[in-house]
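Read the figures in this text as sums done on the coordinates, not as results from a lab. As the structure is a prediction and not an experimental result, all values here were calculated from the model. Cβ: placed from backbone, ideal geometry, glycine included. Neighbour counts: every protein chain shown.
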Amino acid sequence: MDVVIREVISKNDIRKFVKFPFSLYKGNKFWVPPLINDEVKSLMPEFNPAMKRCTSKFWLAYSNNIVVGRIGAIINADYNKKTNQPTGRFSRFECVNDMAVAEALLLRAESWLKEQGMEIIMGPLGFNNLDHQGMLVEGFDYLPSIASEYHQPYYKDLLEKLGYTKEIDWIEFRLTVKEIPEKALKLNELIKQRLKLTVLTPHTSSQLLPFGREIFDVLNEAFADLFSVVAFDDEMKDYFTNRYIKILNPKFVKLIQDENGKLIAFIIGLPSLSEAFQKAKGKLFPFGFIHIVKAKKHPQVVDLMLTGILPSYQSKGVSAILITELQKSMLEHGVKYAETTGIFETNHEAINHWKNYEHIQHKRKRCFKKSLK
């Protein structure tokens, strides 16, 4: 296949970039389409403040003037300073099953990163750890959450043939929601009393919004040493708060404060919107928002989007409080399953915690790397 690589420059190019997967995954019952306008804005610095802290370029691959692939390259200077390693990221890679297309796209990203002085390329990774990250390598017959990823099964082989190797994996679990043993409930209360903790459940988005920056303060401390993570500044905290708080059902958000009213931990559950997003087909209007509103009200599945615990409270039973309190709300609302988002395969404490529940480990995502020297 003859391949031409063109840089994404105009808003029309960005829309082509965002809409390419809609044709690539057409008819795939497991792919969950994003909201087109949200994805377009995420690639525009006037809407996405993360782009101001990174250097990036994006490209489309054409054959016979038809889009057959896409890729982005990102340099997160803050992360490179943190790790003292000149590393570039490839992002949002998608293509038809053709080695010539994959090679042309990845070589273009590699060449640009080398020109910027990068010595290693890793990916798929986004602007930060709440952006698109990881490539699905196991679990193609399961619906992903809207915070996770779905990819073509042939991507792994294409990357490996082009010299990419594994850096790290994320794994995901499906948990069956069951009645909480009385022993666990009593232990939960004992831990709260011993540590003098208070659990809050916001009832409305307006009650949850004021906690936005505090949630990200906890996240910054809890995730500080993790792979691919850079602390969120106030602009990024506000960006994610305003972008995501509105779609949450506050009943599935649990906040824990210490005796002085300081937020020390949180868990954010979200009624699964995957099927609703499939029905919306990338658009909120005229009818997409109706599917999303319905999905939030009577969920069978809740996605465990994000959990954070201050380091000084980790390994003290706080994680058990969070999941038990969330489990109470899930049982109250008839939820049957909980889906975790990606957990690093090296996070043995979290993995062992989920293994205490009836579960399956059904999905795996991978970050790949390659030397550019």
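Over the chain, with a Gaussian network built from C-alpha contacts below 10 Å, which listed residue (GLY117, GLY72, GLY88) shows the highest mean-square fluctuation?
Looking only at GLY117, GLY72, GLY88, the largest GNM fluctuation is found for GLY117.
Are there GluC sites (Glu not before Pro) in the range 171-238 that DSSP marks as loop and that have at most 11 other Cβ atoms within 10 Å, and which are they? Display every interim value, and only then the final one.
On the way: sites: GLU172, GLU179, GLU182, GLU189, GLU214, GLU221, GLU235; in loops: GLU179.
Those that pass, being in a loop and sparsely packed, are GLU179.
Please determine, in degrees from 0 to 90 and to the nearest 10, the orientation of helix 318-332 with respect to the longest principal axis defined by the Cα atoms of the chain, where the helix direction is its Cα long axis.
In the chain, helix 318-332 runs at an angle near 90 degrees to the longest axis.
Can you compute the helix-only [θ] at 222 nm over the chain? Use -39500 (n - 2.57) per DSSP H run of at least 4 residues, normalise by all residues, nearest 500 deg cm²/dmol.
Calculated from helices alone, the mean residue ellipticity at 222 nm is -10500 deg cm²/dmol.
To make sure I understand, if each residue's beta carbon is the centre and we count other beta carbons within 10 Å, what order do SER272, SER42 fall in, fewest to most? Walk me through the numbers before you get to the answer.
Details: SER272 24, SER42 20.
If I rank by nearby Cβ atoms, fewest first, I get SER42, SER272.
With the cut-off at 23 Å, report for the range 1-99 the share of all Cα pairs above it, as a whole percent. Kindly include the intermediate steps, with their values, before the conclusion.
On the way: 1560 of 4851 pairs.
That tail contains 32 percent of the Cα-Cα pairs.
Find how much the distance from ILE180 to MET51 grows on full extension, using 0.36 nm per residue of separation minus their present alpha carbon separation; answer in nm with one decimal. Provide the component values of the computation, followed by the final result.
Working: separation 129, 0.36 × 129 = 46.44 nm, distance 4.38 nm.
That works out to 42.1 nm of additional length.
Roughly how many debye, to the nearest 20, is the charge dipole of the chain about its Cα centre, given +1 on each Lys and Arg Cβ, -1 on each Asp and Glu Cβ, and no other charges? Mind dumping the intermediate values first?
Details: 52 positive and 43 negative charges, 136 e Å.
In debye, rounded to 20, the chain gives about 660.
What distance in nm lies between label points placed 7 Å from Cα along the C-beta direction at GLU167 and TYR244?
The modelled label-to-label distance comes out at 2.0 nm.
ALA77 to LYS26: FRET efficiency via 1/(1 + (r/R0)^6), r the Cβ-Cβ distance, R0 45 Å, to the nearest 0.05?
0.75
Expressed as an acute angle from 0 to 90° and rounded to the nearest 10, what is the orientation of the C-alpha long axis of helix 234-244 relative to the principal long axis of the chain?
80
Compute the distance from the alpha-carbon center of the range 322-373 to that of the range 84-105, in whole Å.
Centre-to-centre (Cα) distance: 27 Å.
Between 0 and 90 degrees, rounded to the nearest ten: what's the tilt of helix 182-195 against the longest Cα principal axis of the chain?
It works out to around 90 degrees.
With +1 assigned to the C-beta of every Lys and Arg and -1 to the C-beta of every Asp and Glu, and no other charges, what is the dipole magnitude of the range 178-335 about the Cα centre in debye, to the nearest 20? Working shown, then result.
On the way: 21 positive and 17 negative charges, 139 e Å.
Taking the Cα centre of the range 178-335 as origin, the dipole is about 660 debye.
Under a crude label model (7 Å from the Cα following the beta-carbon direction), how far is SER206 from LYS11 in nanometres?
It is 3.3 nm.
Show me the ranking of peptides 123-132, 99-108 by mean Cβ neighbours inside 10 Å, starting with the highest. Write down the numbers at each step before the final one.
Numbers: 123-132: 23.1, 99-108: 19.9.
Descending mean neighbour count gives 123-132, 99-108.
Of (1) 1.10; (2) 0.97; (3) 1.14, which is the value of Rg/Rh (Cα atoms, Kirkwood Rh) derived from the coordinates here?
Matching entry in (1) 1.10; (2) 0.97; (3) 1.14: (2).
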